[in-house]
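Contents: one structure, followed by commentary.
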Protein chains: 2
Amino acid sequence: MLFNKIAIIGVGLIGGSLARALKAKDQCNIISGFGRNQDNLQKAVDLGVIDDYSDDINTVVQDAEVIVFATPLFTFRPLLELLLPCINDDVIITDAGSEKGSVVKAAREVLGKNITNFIPGHPIAGTEKSGVEASFKELYQDHLVILTPLPENSDQNISIITQMWETCGANVVNLEVDYHDKVLAATSHLPHVLAYALIDCLANMEEQGDVFKFSAGGFRDFTRIAASNSEMWADICLSNKTNLLELLNLYTNHLTKIKKLIDSDERAELIELFSRVKTTREKLNYN
Amino acid sequence: MLFNKIAIIGVGLIGGSLARALKAKDQCNIISGFGRNQDNLQKAVDLGVIDDYSDDINTVVQDAEVIVFATPLFTFRPLLELLLPCINDDVIITDAGSEKGSVVKAAREVLGKNITNFIPGHPIAGTEKSGVEASFKELYQDHLVILTPLPENSDQNISIITQMWETCGANVVNLEVDYHDKVLAATSHLPHVLAYALIDCLANMEEQGDVFKFSAGGFRDFTRIAASNSEMWADICLSNKTNLLELLNLYTNHLTKIKKLIDSDERAELIELFSRVKTTREKLNYN
C-alpha cells in the first residue's frame, strides 16, 4: 500500500476520481475530504469515495502523507493559508489545477521554505460534469498527468506523486511551469472559451429554439465542454490570462483569414486550407 | 417496396448511407450510382452499397423514379445541366445539400417548369469521414431530415421523399429555404469554421507537437468536425456566405466580450456568463 492517509481538498470530479482509483487499487487506508459543500462531502462518504470529512481542516490533514488540492484555482491560496498552521515539514502537497504559474507563485509565497514539499500537478482528464457523483475510478486510466516539479523538490517526493498517479493508470510526464501554461492555453483553455462563446452567441439569436433543435452530432461534441464547471473555468481563464489572450488574438487572426477567403469567394484557397487542417486533424489519431 | 430504381449522384458518406438504408429495409430494387471517382463507385458496388454505376449519366438515371444528389454544393448546377437532357417529366429529384438557397436557385434556372419535381432536402446527420467506406445504414436512424419544399411541389412528391427518409429511420420536418439556411449557419456551418480555424491556428504554433500531444477529450471532440470533407465544406461556406459572415461577426462580438472580461479580471461576470452557458448547454439534453 502506497499511503496510510491522503487528504483531498475538494472532492468533486477530479478529487473524487483520484480517491476512487486509489481505493480501487487498495493503495490508501484512509482518505479524508475537505470542501465548501457539506452535502457533497456527505455524498462522497455515502458513495464510499472518501472515508470521512470534517469542517475542521486540521482534522482532515492530520497524519496525512499527501494533501491533494482539487478545487478551483482562486481558492488555492486562501485554502493553503488556512492549512498552513496544520501541516508538518514532511507532508507532500500537490494539486490538480489546469494552470500552474499562479499556483506555484501562491505556494512559494504561502509555504516559504516548505515549497520543497509542493509538487505541482495537472491531470489531463475530465468531463463536462462536476461534483462527486460525476467522479469515476477510470478517469485517469491511460490519460496523461503533467507534473511541473520545482527546483526545490526532492526526487523522492516527485517519485511519490508520480506513483500516486501511475497507480490510477495515468502516464506521468514532467514539464516546465511556463511551458505547461502555454501549451495548455492552446489545447484546452482556448477551446473552452470558444465553446462558451458559441453557446453564448446562439442563445441570443431569435431563432434560439430552432438553432438548438436542428443541431446534430458535430454541434453536440463541439459544445460539450461549454457545460463545464463555471467557477473552475473562470479561474483558469483569469490565471492563465496572458497566454490565453495572446492565443485568442492569434485565433481571431486565423478566423479573419478564413472570413476573408469566404467573403472574396476564394474557393481553391478555402479547399486548400480545409484540406491542410483535415490532414493535421487526422494525423492526431484519436480513437 | 417503395421504389424500383433510385439513382444516386455522389456515392459517399451521405449517398452511400442512404443506399445502404434503403437496401437494408428492402425498399428499392436497383440503386445506380454516378460520380467523379470510378474507384469509389467500384468500391460501392463491391461493398453492395449500389448495384451498378456508369460514366454515362443517362444510363444511371434511366427509369429511375428518384434521383438523389449527394455531391458538394458547387457541383450541383453543372451535374443538373448534364442530367437535364436525360430526364423525363415524372422523375423526382432531391438533394442532401447543407445549404438550400443556392441549390433551389440553380434548380429553378436549370429545370424550368420541371422545378415542380425538385424537392430540396438536407439530412442532419454525418460524420467527419468521407467516401463510401465511411457510409453505414444507421446514419439517419433517429436523425432529422429537413425538407424545404417549394410552392410548385406536389403533395405527392413531397410525400414520396418524406417516405424515402422515414424508411431510413429519420424524422422529417419541413422548413422554409431561407430559414433553413439561417438556422443551419448557426448550428452547423459556424462551428465547422470555428473548428477549422482552431486547428489552423494551433498547427502554426512552434509548440505544435506538444500542443496536440497534451490534448484530451475536450479538444478531440471540439475538433472532430475539422476533419470533414474539405470541398464539401468550402462549398457550404461559400453558398451560405451571407448568413455565415453575419454569424461570424456576431460570434466575434461575443468572443470579444469574453476577452474583455478576462482582460479586466471580471471574475464574477465571467462565472455568471459561463454558468448561463452551462445551463443552456445542459438543457439541450443530448444523449
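I'd like to know if region B:106-120 contains one or more residues that are modelled with pLDDT of 95 or more and in contact with a Gly (Cβ under 6 Å, 6 or more places away or on another chain). Looking for residues that are modelled with pLDDT of 95 or more and in contact with a Gly (Cβ under 6 Å, 6 or more places away or on another chain), one finds none in region B:106-120, hence no. Checked against the criteria, B:Y251 does not count as modelled with pLDDT under 95 and either facing another protein chain (nearest Cβ under 8 Å) or in contact with a strand residue (DSSP E or B) (Cβ under 8 Å, 6 or more places away or on another chain) (or both).
Note on region B:135-152: among residues that are surrounded by fewer than 20 Cβ atoms within 10 Å (Cβ to Cβ) and in contact with a Ser or Thr (Cβ under 9 Å, 6 or more places away or on another chain), the one that is farthest from the other protein chains (Cβ to nearest Cβ) is B:E152. Would region B:183-203 turn up any residue that is over 30 Å from A:I262 (Cα atoms) and either more than 7 Å from every other protein chain (Cβ to nearest Cβ) or of a type in the set (V, I, T) (or both)? The answer is no; no qualifying residue exists. Looking for something hydrophobic (A, V, I, L, M, F, W, C) and under 30 Å from B:T75 (Cα atoms) - is there at least one such residue anywhere in region B:253-274? Taking every residue of region B:253-274 in turn, none turns out to be hydrophobic (A, V, I, L, M, F, W, C) and under 30 Å from B:T75 (Cα atoms).
For region B:212-237, taking the residues that are of a type outside the set (D, E, K, R) and surrounded by fewer than 21 Cβ atoms within 10 Å (Cβ to Cβ), the one that is nearest to the other protein chains (Cβ to nearest Cβ) is identified as B:A216. In region B:159-195, what count of residues is obtained for those that are buried (at least 23 other Cβ atoms within 10 Å of the Cβ) and acidic (D, E)? Residues meeting the conditions: 1.
Can you go through A:I262, A:I225 and tell me which one is in contact with a Cys (Cβ under 7 Å, 6 or more places away or on another chain), under 18 Å from A:C201 (Cβ atoms) and of a type outside the set (F, W, Y)?
A:I262
At least 3 residues being within 14 Å of the chain's Cα centre (by Cα) is the threshold, and among the helices (runs of 4 or more DSSP H) wholly inside region B:1-106 those reaching it are B:13-24. Just one of the listed residues (A:E246, A:E272) is modelled with pLDDT of 95 or more, more than 7 Å from every other protein chain (Cβ to nearest Cβ) and farther than 29 Å from A:V103 by Cβ, and it is A:E272.
Among residues that are surrounded by fewer than 18 Cβ atoms within 10 Å (Cβ to Cβ) and under 26 Å from B:G112 (Cβ atoms), B:T71 is not included.
Going by what's in this entry, would B:A170 be described as out of contact with any Cys (no Cβ under 6 Å at 6 or more places or on another chain), within 12 Å of another protein chain (Cβ to nearest Cβ) and either at pLDDT 95 or above or farther than 20 Å from B:F222 by Cβ (or both)? It is true that B:A170 is out of contact with any Cys (no Cβ under 6 Å at 6 or more places or on another chain), within 12 Å of another protein chain (Cβ to nearest Cβ) and either at pLDDT 95 or above or farther than 20 Å from B:F222 by Cβ (or both). Determine, yes or no, whether A:L261 is buried (at least 20 other Cβ atoms within 10 Å of the Cβ), more than 7 Å from every other protein chain (Cβ to nearest Cβ) and in contact with a Leu (Cβ under 7 Å, 6 or more places away or on another chain). Judged against the criteria, A:L261 is a match. Which residues, counting only those in region B:94-134, are of a type in the set (A, V, I, L, M) and surrounded by 18 or more Cβ atoms within 10 Å (Cβ to Cβ)? If the condition is that a residue be of a type in the set (A, V, I, L, M) and surrounded by 18 or more Cβ atoms within 10 Å (Cβ to Cβ), then B:A96, B:V103, B:V104, B:A106, B:A107, B:V110, B:L111, B:I119, B:I124, B:A125, B:V132 are the ones that fit. Checking every residue in region B:245-265 against the condition of being within 22 Å of the chain's Cα centre (by Cα) and over 27 Å from A:W233 (Cα atoms) gives at least one match.
Exactly one residue among A:G112, A:G126 is in the same structural domain as A:L13 (by TED's automatic domain parsing), among the small types (G, A, S) and more than 26 Å from A:Q42 (Cα to Cα), and that residue is A:G112. Apart from one condition, B:D46 fits all of (1) closer than 16 Å to B:K23 by Cα; (2) in contact (Cβ under 8 Å) with a residue 12 or more places away in the chain; the exception is (2).
The values are calculated or read from the model by the stated rules, or taken from the named source; none is laboratory data. In this text, all values refer to a predicted model and were calculated from it rather than measured experimentally. Virtual Cβ from ideal backbone geometry, glycine too; neighbours counted across all protein chains shown.
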